[in-house]
1. Could you tell me whether the stretch 183-196 includes any residue that is of a type in the set (A, V, I, L, M, F, W, C), surrounded by 13 or more Cβ atoms within 10 Å (Cβ to Cβ), in contact (Cβ under 8 Å) with a residue 40 or more places away in the chain and outside any helix (DSSP H, G or I)?
2. Step by step: first the residues of the stretch 246-289, then only those that are among the basic types (Lys, Arg) and touching a strand residue (DSSP E or B) at 6+ places or on another chain (Cβ under 7 Å), then the one that is surrounded by the most Cβ atoms within 10 Å (Cβ to Cβ). Which residue is that?
3. Kindly list the number of the only condition in (1) open to solvent by 60 Å² or more (accessible area, probe 1.4 Å); (2) closer than 29 Å to LYS283 by Cα that fails for VAL243.
4. List the number of the failed condition for ALA222; all other conditions in (1) in contact with an Asp or Glu (Cβ under 6 Å, 6 or more places away or on another chain); (2) surrounded by fewer than 18 Cβ atoms within 10 Å (Cβ to Cβ); (3) farther than 22 Å from ALA326 by Cα hold.
5. Please give the number of the condition LYS210 fails out of (1) under 30 Å from GLN333 (Cβ atoms); (2) outside any helix (DSSP H, G or I); (3) open to solvent by less than 90 Å² (accessible area, probe 1.4 Å).
6. How many residues does the stretch 89-117 contain that are within 26 Å of LEU135 (Cβ to Cβ), assigned to a helix (DSSP H, G or I) and open to solvent by 70 Å² or more (accessible area, probe 1.4 Å)?
7. Counting only residues that are among the hydrophobic types (A, V, I, L, M, F, W, C) and surrounded by fewer than 14 Cβ atoms within 10 Å (Cβ to Cβ), which one in the stretch 70-88 is farthest from ILE28 (Cα to Cα)?
8. Looking at (1) among the polar types (S, T, N, Q); (2) closer than 24 Å to ILE146 by Cβ; (3) modelled with pLDDT of 85 or more; (4) open to solvent by less than 30 Å² (accessible area, probe 1.4 Å), which is the only condition THR352 fails?
Amino acid sequence: MKKKLHVRLAVMIVAMATGILIISTATILISTHYHITMYMNQADGAMHDMPRLNTHLEQAIMQSVLWTFLGSIVLAACMGYFVAKRVSAPLVEMKAVAEKMTGGQLDSRTAVGGDDELAELGQSINELAEQLQRLEKIRVTMTEDIAHELRTPLATLKSHMRALEDGIWEPTPERIHSCYEEIVRLADLINELEELNELDSPVFGLTRTKVPLDTVMEKVKAFMSAAFLEKRIRFTVDAPRNVYLDADPDRLTQILVNLLGNALTYTPPDGEVALKGRRAGDKVLITVKDTGPGIRENDLPYIFERFYRGDKSRNRRSGGSGLGLAIVSKLVQAHGGRISAANEGGAVFLITLSAAQPPPAAIKTQILRVSDSGHE
């Protein structure tokens, strides 16, 4: 059981006050006993001088009380200083660590000891420092990646424009179209960055409804079939009926389109891409499998990171921006699901989402279908 800080402080204050009272009381009792004993010994032999002895006894007792009072104040000050230093030491250390973090030393950490609120505060500061350090690393990496992604198309556009301006090139439709393609890639990169920023925003939310999986998969099939046909890739869809998801239909469509677009990029002509869904208990499993070269084992843990491309030699024309899978991962996580990748004769992406109960209208329709088929 964790010790509460206020309980700890209360115990320390009560203990300090009790100690001072015990010491003060013991001092007064001892001094009073000493003076009374001395008074009685002197009174036996000086009965004629009792008023003077009484005055001396009274003065002695008053001096004892006064010195005890002053000693108690000094003792209270020392004990208070010790307790205050003991309590404030972790806070002072945390303040120093926070100042170092403000100055850019994000590797600073505070020592954590105990099991009270101060220890929790120190742990929170350390976790904050780790998050800031991780975010700073991400920021630096992203800045470098964005600069790298922008440099190639901009350099291409610059050289093409200079060649056209100097008259080295004739402004043929092919060369103008090449410049247009680079502009389109830049626009796509900016759109993807804006989308990732939106997904990271705390106000981002999904418009969830009970979505029939087969409807979404058939919609994706109609949208992507022409691209697969153009590249001579066999595209199959196995869509289960009466399987529902509590999901955003537009975002779910975007997830599948991005994964299928990735499979289309890396699957050679005459290959095959399969989209399959099924229910497993309270989960819905969606797989996208292709017959491409697969993913290198060393790259599997990193393929959902921003700007990551396994083959560093690929440019944006052949390998994409490296943001598509990052967007997919964010959207799956927003749905409370998981996504993973593996190799099985090609790349296989597995999405695991929570299943939902069909809406009442769908259950009624299903019952009517069963009844009609029974009468036939």
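The values are calculated or read from the model by the stated rules, or taken from the named source; none is laboratory data. Computed from a predicted structure; not experimentally measured. Neighbour counts run over all protein chains shown; Cβ positions are idealised from the backbone, glycine included. To get the accessible areas, we keep the full protein, side chains included, count just its heavy atoms, and leave off ligands, DNA and RNA. Shrake-Rupley method; radii C 1.70, N 1.55, O 1.52, S 1.80 Å.
1. Taking every residue of the stretch 183-196 in turn, none turns out to be of a type in the set (A, V, I, L, M, F, W, C), surrounded by 13 or more Cβ atoms within 10 Å (Cβ to Cβ), in contact (Cβ under 8 Å) with a residue 40 or more places away in the chain and outside any helix (DSSP H, G or I).
2. So the first thing to find is which residues in the stretch 246-289 are among the basic types (Lys, Arg), and the list is 251, 276, 278-279, 283, 289.
So of that shortlist, the ones also touching a strand residue (DSSP E or B) at 6+ places or on another chain (Cβ under 7 Å) come out as 276, 278-279, 283, 289.
On the way: LYS276: 15, ARG278: 14, ARG279: 15, LYS283: 13, LYS289: 20.
In this case the residue turns out to be LYS289.
3. Here VAL243 clears every test but (1).
4. For ALA222, the failing item is (1).
5. So the condition that LYS210 fails would be (3).
6. The qualifying residues number 6.
7. As a first pass, look at the stretch 70-88 and keep what is among the hydrophobic types (A, V, I, L, M, F, W, C): 70, 73-79, 82-84, 87.
Within this subset, residues satisfying the condition of being surrounded by fewer than 14 Cβ atoms within 10 Å (Cβ to Cβ) are 70, 73-74, 77-78, 82, 84.
Numbers: LEU70: 12, ILE73: 15, VAL74: 16, ALA77: 20, CYS78: 20, PHE82: 25, ALA84: 28 Å.
If we take residues in the stretch 70-88 being among the hydrophobic types (A, V, I, L, M, F, W, C) and surrounded by fewer than 14 Cβ atoms within 10 Å (Cβ to Cβ), then ALA84 is farthest from ILE28 (Cα to Cα).
8. Failing condition for THR352: (2).
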